[in-house]
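First the structure, in the form of structure tokens, and then the observations on it.
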Amino acid sequence: MKPFDYTRAAGRAQATAAAAGGAVYIAGGTNLLDLMKLEVMAPDRLVDINRLDFDGIEPVEGGGLRIGALVRNSDLAAEPAVRRDWPLLSRALLAGASGQLRNKATTGGNLLQRTRCYYFYDTATPCNKRDPGAGCAAIGGFNRIHAILGASEACIATHPSDMAVALRALDAAVELEGPGGARRTVPLADFYRLPGDTPQRETVLEAGELITAVTLPPPVGGRQLYRKVRDRSSYAFALVSVAAAVTMAEGRIVRAALAFGGLAPMPWRDTAVEAALTGESPSAALFEAAADLLLADARGRGGNDFKLPLAGRTLAAVLAEATGSGTGDAP
């Protein structure tokens, strides 16, 4: 690990001013420290934000919820209001990492996790995300965990967060504060960037901007499920995951919110799939058609070709369980 300076921020203004000058924020450090040890990231200065006032969970007007950026994943998963009204979020959090890591990892940091692409972590191999213009070793390489949706010829890495997938299905928004106290709120749908020709730019964060909170709209009820398909039953990233919030009435689907992990460079949501389900009676044929629509533009790269049928089967199983029209057996 390269030497670096360390500052413990006493307030927001100090933190954002330092980051605008090139420093990197640290809170739980569960991903950042690994990247620094491997010299994938080598910041000259870290700004510790753990003493800032971002550790609360509180209701907001209208029935929503505001989650501070420093709320630990374990605390958020155990929060009674989350378990009662947004159980999808609690289930996704508990599907991620280990108990020890969840005790350290923060809400803001979870959103900003870097990809677990092997080539991104191996500084001896080309990676456009780590070294723009170097090339993408995963294309034509070992790409079993890589993206089948939303990728580009510059990068086929996936986003690793379980929590972010659930938040995408729940229509969450991210509160940001920049240097000088400038504040804005960005829907999670607009927070992440597809790789295109600039895979090193993963979010819309500007220099010095700090995540201060995540907000959830009022709960929508219905059945909420999170299913994660992975290589082992714990402490593994998703090959395919599905976050679903489905409401039924009179035997028909009246609302379906679906987000996917393990398939794309960001938590993936396709509103055309949701629209195709809305108003319909659950059936195997309907779920198959939804899967076909989801994967219409999907592309495997050899090692990850299996993700196409796996994603379709996982979606169908989740929809069957959410609608009560089948057993929802694992794919």
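The values are calculated or read from the model by the stated rules, or taken from the named source; none is laboratory data. Note that the coordinates shown come from a computational prediction; the quantities given were computed from them, not determined experimentally. Positions of Cβ are generated from backbone atoms using ideal geometry, with glycine treated the same way; all protein chains shown enter the neighbour counts. The protein model used for the area step is the full one, side chains on, heavy atoms only, and it has no ligands, DNA or RNA in it. Shrake-Rupley method; radii C 1.70, N 1.55, O 1.52, S 1.80 Å.
Counting only residues that are part of a loop (DSSP other than H, G, I, E, B) and in contact with an Asp or Glu (Cβ under 9 Å, 6 or more places away or on another chain), which one in the range 91-111 is modelled with the lowest pLDDT?
The first filter runs over the range 91-111 and keeps only residues part of a loop (DSSP other than H, G, I, E, B), leaving 95-98, 105.
Checking the rest, the ones that are also in contact with an Asp or Glu (Cβ under 9 Å, 6 or more places away or on another chain) come to 95-97.
Values: Ala95: 96, Gly96: 94, Ala97: 89.
So, considering only residues that are part of a loop (DSSP other than H, G, I, E, B) and in contact with an Asp or Glu (Cβ under 9 Å, 6 or more places away or on another chain), the one modelled with the lowest pLDDT is Ala97.
Conditions first: (1) under 21 Å from the mean Cα position of the chain (by Cα); (2) part of a helix (DSSP H, G or I); (3) farther than 22 Å from Leu167 by Cβ. Ala320 passes all but one, so which condition is the exception?
It is condition (1) that Ala320 fails.
So which residues in the range 216-225 are open to solvent by 30 Å² or more (accessible area, probe 1.4 Å) and either of a type in the set (Lys, Arg) or assigned to a strand (DSSP E or B) (or both)?
Result: Arg223, single match.
Could you identify the single residue in Asp34, Asp53 that is within 20 Å of the chain's Cα centre (by Cα) and not aromatic (Phe, Trp, Tyr)? Spell out the reasoning first.
On the way: Asp53 fails: within 20 Å of the chain's Cα centre (by Cα).
Only one candidate qualifies: Asp34.
Take Arg232 and tell me if it is among the charged types (D, E, K, R), over 18 Å from Arg114 (Cβ atoms) and open to solvent by 30 Å² or more (accessible area, probe 1.4 Å). Before the answer, list the steps.
Details: among the charged types (D, E, K, R): yes; over 18 Å from Arg114 (Cβ atoms): yes; open to solvent by 30 Å² or more (accessible area, probe 1.4 Å): yes.
Yes, satisfied.
Search the range 111-149 for residues being among the small types (Gly, Ala, Ser) and over 13 Å from Arg301 (Cβ atoms), and hand back the single one that is surrounded by the most Cβ atoms within 10 Å (Cβ to Cβ).
Of all residues in the range 111-149, those among the small types (Gly, Ala, Ser) come to 124, 133-135, 137-138, 140-141, 147.
Those left that are additionally over 13 Å from Arg301 (Cβ atoms): 124, 133-135.
Working: Ala124: 6, Gly133: 9, Ala134: 13, Gly135: 15.
By that ranking, first place goes to Gly135.
Would you mention how many residues in the range 235-248 are open to solvent by less than 60 Å² (accessible area, probe 1.4 Å) and in a strand (DSSP E or B)?
So the answer is 8.
What are the pairs with Cβ atoms under 7 angstrom where one residue, in the range 29-54, is farther than 20 Å from Arg8 by Cβ and the other, located anywhere, is among the β-branched types (Val, Ile, Thr)? Sequence gap at least six, or different chains.
Leu38/Thr123; Glu39/Thr123; Val40/Thr123
When only residues in the range 150-186 that are part of a helix (DSSP H, G or I) and open to solvent by 20 Å² or more (accessible area, probe 1.4 Å) count, which is modelled with the highest pLDDT? Step through it out loud before you land on a result.
First pass over the range 150-186, keeping only residues part of a helix (DSSP H, G or I): 163-169, 179-181.
Of the ones still in play, those that are also open to solvent by 20 Å² or more (accessible area, probe 1.4 Å) are 168, 179-181.
Working: Arg168: 98, Pro179: 95, Gly180: 94, Gly181: 95.
Per the criteria, the residue is Arg168.
Name the residues in the range 191-215 that are aliphatic (A, V, I, L, M) and open to solvent by 30 Å² or more (accessible area, probe 1.4 Å), would you? Working first, answer last.
Restricting attention to the range 191-215, the residues satisfying the condition of being aliphatic (A, V, I, L, M) are 194, 204-205, 207, 210-211, 213-214.
Correct list: Leu194, Val204, Leu205, Ala207.
Which residue is nearest to Gln100 (Cα to Cα), if the candidates are limited to the range 235-273 and must be among the hydroxyl-bearing types (Ser, Thr, Tyr) and over 12 Å from the mean Cα position of the chain (by Cα)?
Within the range 235-273, the subset among the hydroxyl-bearing types (Ser, Thr, Tyr) is 235, 241, 247, 271.
Keeping just the survivors that are over 12 Å from the mean Cα position of the chain (by Cα) gives 235, 247, 271.
Working: Tyr235: 11, Thr247: 34, Thr271: 36 Å.
Checking each candidate, the answer is Tyr235.
For Met36, only one of the following conditions fails: (1) assigned to a helix (DSSP H, G or I); (2) closer than 23 Å to Leu101 by Cα; (3) open to solvent by 40 Å² or more (accessible area, probe 1.4 Å). What is its number?
(3) is the only condition that Met36 fails.
Can you tell me which of Ala290, Ala275 is farther than 21 Å from Cys117 by Cβ, in a helix (DSSP H, G or I), among the hydrophobic types (A, V, I, L, M, F, W, C) and open to solvent by less than 10 Å² (accessible area, probe 1.4 Å)? Write out each step before concluding.
Numbers: Ala275 fails: open to solvent by less than 10 Å² (accessible area, probe 1.4 Å).
On inspection, the qualifying residue turns out to be Ala290.
Restricting to the range 155-171, name every residue that is closer than 17 Å to Arg130 by Cα and touching a strand residue (DSSP E or B) at 6+ places or on another chain (Cβ under 6 Å).
From the range 155-171, those closer than 17 Å to Arg130 by Cα are 155-160; that's our starting set.
Result: Cys155, single match.
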